2 protein chains.
Amino acid sequence: MNTNPVRFAKALADETRQEIMAHLCCVWLSVNDLVDKMEGKVNQPTVSHHLKKLEEVGLVNVREEGRFRYYTLNQEQLTACCGVLVRSFAPDYAAQIILPDTIPTEK
Amino acid sequence: MNTNPVRFAKALADETRQEIMAHLCCVWLSVNDLVDKMEGKVNQPTVSHHLKKLEEVGLVNVREEGRFRYYTLNQEQLTACCGVLVRSFAPDYAAQIILPDTIPTEK
DNA sequence: TAATCCTATTGATAATCGTCAATATGTCAA
DNA sequence: TTGACATATTGACGATTATCAATAGGATTA
């Protein structure tokens, strides 16, 4: 199923999730690492919950290692979704930008 | 005040609002015109409510004419917000794209 | 095997949000 | 000025969602 712009926007439409995304940019972190980075703002189940939502729209990649699960931001997916937005809602600008042609997928 | 990515995403995070945005792409429509385009899915106060949210983050422009208010999609704002997203969350791709340098504003 | 650790799930609660009916505000026309 | 029209606002209601406490599910370690 394709990630449509509404699901993409809903995944981004939360302060906590965007903070999590910032922490996952260019780095792999375990859930507990992330909880630490959040500095007490949210607890472990909440972080898990947000990671699941991000994973559902392909905005994070996961790597399992024993009892750990390492997450990282999927930059290509984010860029592709932004590309869909611009092509849908800013046709006058779409021609000027270069974005991945990847067809985003989700669960 | 700057339009931050969370507010931008929240404005996009609704099916009805994205449908309204699609109708306002490259064209000026009055509120009632929009209500007609929505084909009974939502009523006039609801359309007004959504237009207000889009206006608050600068995603639509408004032109007043007598008792009419004409709305249109602000493509540049949308593109700029996507640019902020890509630069924030996809640095590996940001260099490849060209997006307006406009600093988005909101109410 | 038992204990410990990491993460996910469940259930509950509060807050946010989309929608509508009713009404208010403001503008044009008769 | 009065009535009709276009849009915005208010208040209420239901649905969704973010959060936490408690607990379950696996995997490692002692």
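The values are calculated or read from the model by the stated rules, or taken from the named source; none is laboratory data. Worth saying up front: this structure is predicted, and the values here are computed from it rather than measured. Using ideal geometry, Cβ is built from the backbone for each residue, glycine included, and neighbour counts are taken over all protein chains shown. These accessible areas exclude ligands, DNA and RNA; they are computed on the full protein's heavy atoms, side chains included. Shrake-Rupley method; radii C 1.70, N 1.55, O 1.52, S 1.80 Å.
Here the label points at B:Thr46 and A:Val31, each 7 Å from Cα along the C-beta direction, are separated by 3.7 nm in the simple model. Look at the stretch B:15-26: the mean tally of other chain Cβ atoms within 10 Å of its residues' Cβ atoms is 3. For segment A:21-68, the list of GluC sites (Glu not before Pro) that fall in a loop by DSSP and count at most 14 other C-beta atoms within 10 angstrom reads A:Glu39. Computed extension gain for A:Gln96 through A:Thr16, at 0.36 nm per residue and net of the alpha carbon distance, reaches 25.6 nm.
Counting only helical runs of four or more DSSP H residues, what would the 222 nm mean residue ellipticity of chain A come to if each run contributes -39,500 (n - 2.57) and the total is spread over all its residues?
-15000 deg cm²/dmol
Computed 3J(HN,Hα) for segment A:69-79, one whole-Hz value per residue from the Karplus formula 6.51 cos²θ - 1.76 cosθ + 1.60 where θ = phi - 60°, is 10, 9, 10, 8, 6, 8, 5, 5, 5, 4, 5, glycine and proline marked x.
In segment A:1-30, whose amide N lies under 19 Å from the spot 7 Å out along Cα-to-Cβ of A:Ser88? List them in ranges. Answer for segment A:1-30: A:1-14. Reducing segment B:53-98 and segment B:1-39 to their Cα centroids gives an inter-centroid distance of 11 Å. Convex hull of alpha carbon positions in the protein assembly as shown: directionally averaged projected area 13.0 nm².
For chain B, what relative contact order do you get, as a whole percent, if you take Cα pairs closer than 8 Å and at least 6 residues apart?
33
Using a 1.4 Å probe over protein heavy atoms, the accessible area lost on pairing A with B, summed over both chains, comes to approximately 2700 Å². Computed over the alpha carbons of segment B:17-62, Rg followed by Dmax gives 9.5, 26 Å.
Placing a label point 7 Å from Cα along the Cα-to-Cβ direction at B:Val31 gives distances to the equivalent points in the other copies of 4.7 nm, listed shortest first. Take B:Val62, push a point 7 Å out from Cα through the beta-carbon direction, and compare it with the same point in every other copy: 4.4 nm, smallest first. If you wrap the Cα atoms of chain B in a convex hull and average its projected area over all directions, you get 7.1 nm². Comment: the Cα-to-Cβ extended label point of B:Glu15, at 7 Å, lies 2.9 nm from its counterparts in the other copies, nearest first.
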